[in-house]
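Below is one structure, written out as structure tokens; the observations come after it.
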Amino acid sequence: MARHRVLLIGGSGFIGSQIAARLAARSCQVCVPTRRYERARHLLPLPTVEVAEADVHDDATLDALMAGADAVINLVGILHGRAGSPWGPEFEAAHVRLPARIVAACNRAGVRRLLHMSALGVQAGSEQSLPSMYLRSKAAGERAVRQAPELDWTVFRPSVVFGPGDRFLNLFAKLQAWLPLIALGRADARFQPVFVGDVARAFVEALDDPASYGVCYELVGPDVFTLRELVALAGRYAGHRRPIVGLPDALGRLQAAVLEFMPGGPLMSRDNFDSMALDNVAGSPDAAPAGIAPTPLAAVAPSYLRRGPARYGDERTRAHR
């Protein structure tokens, strides 16, 4: 890999930690900015990774972080935020304004290479037709990247991502350990879950590949499941299989409204429920960068669900090869 300094924005999270580990394994110098240093402490054992306490929503800070960088990877994304039209303020800041700030900072710093995390279900120019604030704001942020002709950009649209420490299968496994049955809204929504190691590999392999410039990749696994099937698998793999009752849409939306205001943060929101109106499956021929064979869910999920959820420092910094 020719590039030697990468600014990894959102690098302390579930996917970012995997990407940081893979970049470090290739001797890349990686800078991971974070508002709270302790959230990224699990990355410190990686020999070429630097953690910087910084606010990437500040233009002067972004300029300083990009000094000397060869490439920028933006992984920032949120699942919950206050309501608004066409999206609320949290989605505006994370999904719309930040990508535009990053594009402008790249131009000021002379950094041409930008890899951007979008979301499956987003289509170019589709903001107004999408059913949720999450998807509409993600579409607007992606548009800011795709309309930057001076950059060598690559966009990735992953389906729901699974792996040790994920917040999807682990959540449903934990719920089935607590509850006698699972009442499920949007039970027939379809997903094509992708392994976190495959997502990390796609980013790292694309970084120096000119064939990926100006390309939007959909990152998906080899199999399509309904939400009901995924919840059932999570329970079976974790040893807590429970009956699953599909709810009609009105009750499912009411359930999401209740879960939205749970103490300790929402387990689900009405906006998440709205997002599931669209199937989360591949619809593009550019399903993944060449040479990356997607990992089946059954090859990975049973081992970590059986052990229980991993902490950030346990699994997320291990590069899956």
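The values are calculated or read from the model by the stated rules, or taken from the named source; none is laboratory data. Small disclaimer: the values here were computed from a predicted structure and weren't measured. For neighbour counting, all protein chains shown are included, and Cβ atoms are generated from backbone atoms with ideal geometry for every residue, glycine included.
Key figures
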{"quantity": "Selected residue (only one of A104, A119 is surrounded by 20 or more Cβ atoms within 10 Å (Cβ to Cβ) and in contact (Cβ under 8 Å) with a residue 24 or more places away in the chain)", "calculated": "A119"}
{"quantity": "Matching residues, the range 71-87, being under 11 Å from I9 (Cβ atoms) and of a type in the set (S, T, N, Q)", "calculated": "N74"}
{"quantity": "Count - residues of the range 258-272 that are exposed (fewer than 14 other Cβ atoms within 10 Å of the Cβ) and among the small types (G, A, S)", "calculated": "2"}
{"quantity": "Which listed residue is assigned to a loop (DSSP other than H, G, I, E, B) and under 14 Å from the mean Cα position of the chain (by Cα), from R167, R186", "calculated": "R167"}
{"quantity": "Condition broken by D208, with the remaining ones in (1) at pLDDT 95 or above; (2) surrounded by fewer than 24 Cβ atoms within 10 Å (Cβ to Cβ); (3) among the charged types (D, E, K, R); (4) closer than 17 Å to N74 by Cα satisfied", "calculated": "(1)"}
{"quantity": "Pair list, Cβ under 6 Å, 6 or more apart: the range 33-59 residue among the basic types (K, R), other residue in a loop (DSSP other than H, G, I, E, B) and surrounded by 15 or more Cβ atoms within 10 Å (Cβ to Cβ)", "calculated": "R39/S12"}
{"quantity": "Residue match in the range 273-282 (condition: within 18 Å of the chain's Cα centre (by Cα), modelled with pLDDT of 95 or more, surrounded by 21 or more Cβ atoms within 10 Å (Cβ to Cβ) and of a type in the set (G, A, S))", "calculated": "yes"}
{"quantity": "Some residue of the range 126-148 being in the same structural domain as D58 (by TED's automatic domain parsing), on the phi > 0 side of the Ramachandran plot, buried (at least 21 other Cβ atoms within 10 Å of the Cβ) and not aromatic (F, W, Y)", "calculated": "no"}
{"quantity": "Conditions (1) closer than 17 Å to M268 by Cα; (2) in contact with a helix residue (DSSP H, G or I) (Cβ under 8 Å, 6 or more places away or on another chain); (3) among the small types (G, A, S); number of the one not met by G239", "calculated": "(1)"}
{"quantity": "Which numbered condition V245 fails, given (1) surrounded by fewer than 16 Cβ atoms within 10 Å (Cβ to Cβ); (2) assigned to a helix (DSSP H, G or I); (3) at pLDDT 95 or above", "calculated": "(2)"}
{"quantity": "Filter result for S118 (among the polar types (S, T, N, Q) and in contact with a Pro (Cβ under 9 Å, 6 or more places away or on another chain))", "calculated": "yes"}
{"quantity": "In the range 94-115, the residues that are within 19 Å of the chain's Cα centre (by Cα) and within 28 Å of R22 (Cβ to Cβ)", "calculated": "A94, H95, L98, P99, A100, I102, L114, L115"}
{"quantity": "Enumeration of residues in the range 220-242 that are charged (D, E, K, R) and either crowded, with 20+ Cβ neighbours inside 10 Å or in a helix (DSSP H, G or I) (or both)", "calculated": "R228, E229, R236"}
{"quantity": "Output for the range 41-82, where each listed residue is buried (at least 17 other Cβ atoms within 10 Å of the Cβ), touching a Pro at 6+ places or on another chain (Cβ under 9 Å) and among the aliphatic types (A, V, I, L, M)", "calculated": "V51, A54, V56, L62, L65, V76"}
{"quantity": "Pairs with Cβ under 6 Å, 6+ apart, first in the range 257-271 and touching a residue at least 60 places away in the same chain (Cβ under 8 Å), second in a helix (DSSP H, G or I) and of a type in the set (F, W, Y)", "calculated": "D271/Y134"}
{"quantity": "P266 vs. criteria modelled with pLDDT of 90 or more and assigned to a loop (DSSP other than H, G, I, E, B)", "calculated": "no"}
{"quantity": "Any chance V194 is of a type in the set (V, I, T) and either touching a helix residue (DSSP H, G or I) at 6+ places or on another chain (Cβ under 7 Å) or at pLDDT below 95 (or both)", "calculated": "no"}
{"quantity": "Selection count, the range 14-41, where residues are modelled with pLDDT under 95 and in contact with a Gly (Cβ under 9 Å, 6 or more places away or on another chain)", "calculated": "3"}
{"quantity": "Helices (runs of 4 or more DSSP H) wholly inside the range 14-125 that include at least 2 residues being acidic (D, E) and out of contact with any Cys (no Cβ under 7 Å at 6 or more places or on another chain)", "calculated": "59-66"}
{"quantity": "Any chance G163 is surrounded by 23 or more Cβ atoms within 10 Å (Cβ to Cβ), modelled with pLDDT of 95 or more and not charged (D, E, K, R)", "calculated": "yes"}
